[in-house]
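First up is the structure itself, then whatever we jot down about it.
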Amino acid sequence: MKSLKHINYWSLIVIPILLLSACSQNFLNRPPKDSIVDANFYQTDAEVMAATSLLYSKVWFDYNDKASFNLGDFRGGTALSEYNSQDNVWFNTTPNTAENASAWMAFFNVIGQANTAIQNIEKYAGTGVSSDIKNEAIGEARFMRAVAYSYLVMNWGAVPIITNNQAILTDTTITRNTIQSVWKFITNDMRAAEADLPDKPYATGRVTKWSAEGMLARFYLTRAGVESSGGVRNQTFLDSAMYYSNRVITLSGKSLVPNYRNLFLYNYNNNNESLFELEWVYSPGSYGTGNSTPSYLAYSPTIENGDGWGGDLTATWWMISQYAGINPYGITGDTLRGRTLDQRLLQTFMLPGASYPEITQTVNGVDIKPFVYPNNTQDNSTASIKKYIIGQSKDVGGSAVQNYPNDTYMMRLAEMYLTYAEAKLGNNASTTDPTALQYFNAVHTRAGLPALTDTTHLTFDMIFKERTIEFAMEGMIWYDLVRLHYWNPTKAFAILNSQDRGLFAIYPDVYPNPTQWTFVKTSWSTKRYVTANEGNFLLPIPAAELTQAPNLEKPPVDYYSK
């Protein structure tokens, strides 16, 4: 499955949902484990809904595994690996970078599976299948296809639009489609999904009409930049982003989880803030159905299940400086000091002396709980990743190496609040619109920070910073920067090129339970900044894909001009 052609060929395998036969989470309606062929499956509502269950997990695995944070956070500047993944950290991603290839493969895998589901349901659904269920299943497949294409076009720019897996097997002329036409296709697909999806989920974890409207809000905010002119975003699309985000906020019945910390505890899967999650389950002996990401993020095996390979992962200096109360100290420019009321810092990154009561640490066979992040007094230490780290099997009731049961957020309600605020701001330098301020404050105050006053002038920089902090280590900032680049590339490059990504040490004033921390740049760490420009901003098409499909190097064409 290394090439576009092979990926889509694999998508033709009869009922690939059998790969999930070992899963047990209640959102899955499992098909029989014996062999199934197209002609005799899809005969009941349950079978049709089983046909789309794979779209929530395994097909996304190669993206979620490592590429999600390598692209979304390492390239975006919120975090780094000190010694690994250097291509992505320092903006030197190549056609041979592993995460580049695995993300491309995963997204086209999603698309291929979605295409198969749509075609098979339309062709084989029997008379025992209700029209509502048939439409809902096709709506789910369109939803997933549109989301996958949104990641493709934001990472690689012009990409080929494929809706028929069989056609590509005999078509040697496949070329890329223009960015504008890909976004039009994405939006059309999601609008069709929104029309077919129900207000309430078919089962826990399934997407709904509100999931689709949330994605439409995201897509229209992005398309406002894609269709910009002279740095002025398209007002019609800004209005659409406002419209859909406000509908989700006011009509969906969703609400923010009151305590930010609870968003990332294991038992908060599919909570009332979630609009779309990748659904992972602990499935002994079945690789690819559980969440492998914590294995790579956790700083030590002592808080995991024999994995925990993220000892060199840390927040960047730039990321730490974003939190209110962590300020420059002294006159040399190499020190930050302070504390913050922002609860998101310690729930996203671990700092020395911080305590995590949900995690057990096992040292020399002895369990220690709560876990307290250790103090490293050397001149180089790490603010290790906390988000998505849920502890050992004894903490969550069942997990194994690279097989964790916590879901991956793909969209939360908090995004809708900040999307509305940015869309309302639009092309203005600032806004005091009361609804925009109310929605911004809903996210800001949930984190423990004081509300902005009703006379505060809300700016793009304030909203961008809030999004950076709210969604750090959720693979979001890179796509926020791509969205900005569509209409203001100069500003996008300025943000990236000003991010200090060099090493530093962290010193608590007392240990444990410090009242403040001091961050000091490591004197021998001289590599601190990237150089982002038009030449390296988008990802290069993976080398294996160009070998199999050389037409991908041809100029893109408008999908709708055919």
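The values are calculated or read from the model by the stated rules, or taken from the named source; none is laboratory data. The structure displayed is predicted, hence computed values, not measured ones. In this analysis, Cβ positions are derived from the backbone assuming ideal geometry, glycine residues included, and neighbour counts consider all displayed protein chains.
Within the group A383, A324, A315, A298, which residue is in contact with a helix residue (DSSP H, G or I) (Cβ under 7 Å, 6 or more places away or on another chain) and among the aliphatic types (A, V, I, L, M)?
Within the list A383, A324, A315, A298, the selection yields A383.
Checking T453 against (1) touching a Phe, Trp or Tyr at 6+ places or on another chain (Cβ under 7 Å); (2) among the polar types (S, T, N, Q); (3) surrounded by fewer than 23 Cβ atoms within 10 Å (Cβ to Cβ), which single condition isn't satisfied?
(1)
Taking the stretch 106-159, which residues are in a loop (DSSP other than H, G, I, E, B) and in contact with a strand residue (DSSP E or B) (Cβ under 7 Å, 6 or more places away or on another chain)?
Answer for the stretch 106-159, where residues must be in a loop (DSSP other than H, G, I, E, B) and in contact with a strand residue (DSSP E or B) (Cβ under 7 Å, 6 or more places away or on another chain): just A158.
Sort through D239, D307 and tell me the only one that's among the acidic types (D, E), farther than 22 Å from A148 by Cα and assigned to a helix (DSSP H, G or I).
On the way: D307 fails: assigned to a helix (DSSP H, G or I).
Just one listed residue meets the conditions, D239.
Tell me, which residue of the stretch 37-63 that is of a type in the set (S, T, N, Q) and surrounded by fewer than 23 Cβ atoms within 10 Å (Cβ to Cβ) is nearest to P201 (Cα to Cα)? If you could, list the steps in order and put the result at the bottom.
Filtering the stretch 37-63 down to residues of a type in the set (S, T, N, Q) leaves 40, 43-44, 52-53, 57.
Okay, now just the ones that are also surrounded by fewer than 23 Cβ atoms within 10 Å (Cβ to Cβ), so 40, 43-44.
Details: N40: 26, Q43: 21, T44: 18 Å.
This residue is T44.
For the stretch 255-272, enumerate the residues that are farther than 15 Å from N406 by Cβ and under 17 Å from the mean Cα position of the chain (by Cα).
None - no residue of the stretch 255-272 is farther than 15 Å from N406 by Cβ and under 17 Å from the mean Cα position of the chain (by Cα), so the list stays empty.
When the stretch 368-385 is examined, which residues are found to be touching a Ser or Thr at 6+ places or on another chain (Cβ under 6 Å) and in contact (Cβ under 8 Å) with a residue 60 or more places away in the chain?
Residues satisfying the conditions are V372, D379, N380, T382, A383.
So, in the stretch 198-237, of the ones that are crowded, with 17+ Cβ neighbours inside 10 Å and of a type in the set (A, V, I, L, M), which residue ends up farthest from N272 (Cα to Cα)?
V226
What tally of residues in the stretch 64-105 results from selecting those that are among the small types (G, A, S) and outside any helix (DSSP H, G or I)?
Total meeting the criteria: 5.
Looking at the stretch 513-525, can you tell me whether even one residue there is at pLDDT below 95 and either crowded, with 21+ Cβ neighbours inside 10 Å or touching a Ser or Thr at 6+ places or on another chain (Cβ under 8 Å) (or both)?
Yes, the stretch 513-525 contains a residue that is at pLDDT below 95 and either crowded, with 21+ Cβ neighbours inside 10 Å or touching a Ser or Thr at 6+ places or on another chain (Cβ under 8 Å) (or both).
For the stretch 283-298, give me the residue count where each residue is modelled with pLDDT under 95, closer than 15 Å to Y388 by Cα and assigned to a loop (DSSP other than H, G, I, E, B).
Looking only at that region, the number is 2.
I'd like the full set of residues that are out of contact with any Ser or Thr (no Cβ under 6 Å at 6 or more places or on another chain) and surrounded by fewer than 21 Cβ atoms within 10 Å (Cβ to Cβ), limited to the stretch 297-308. Spell out the reasoning first.
Let us first name the residues in the stretch 297-308 that are out of contact with any Ser or Thr (no Cβ under 6 Å at 6 or more places or on another chain), namely 297-298, 300-301, 303-304, 306.
Residues satisfying the conditions are S300, P301, G306.
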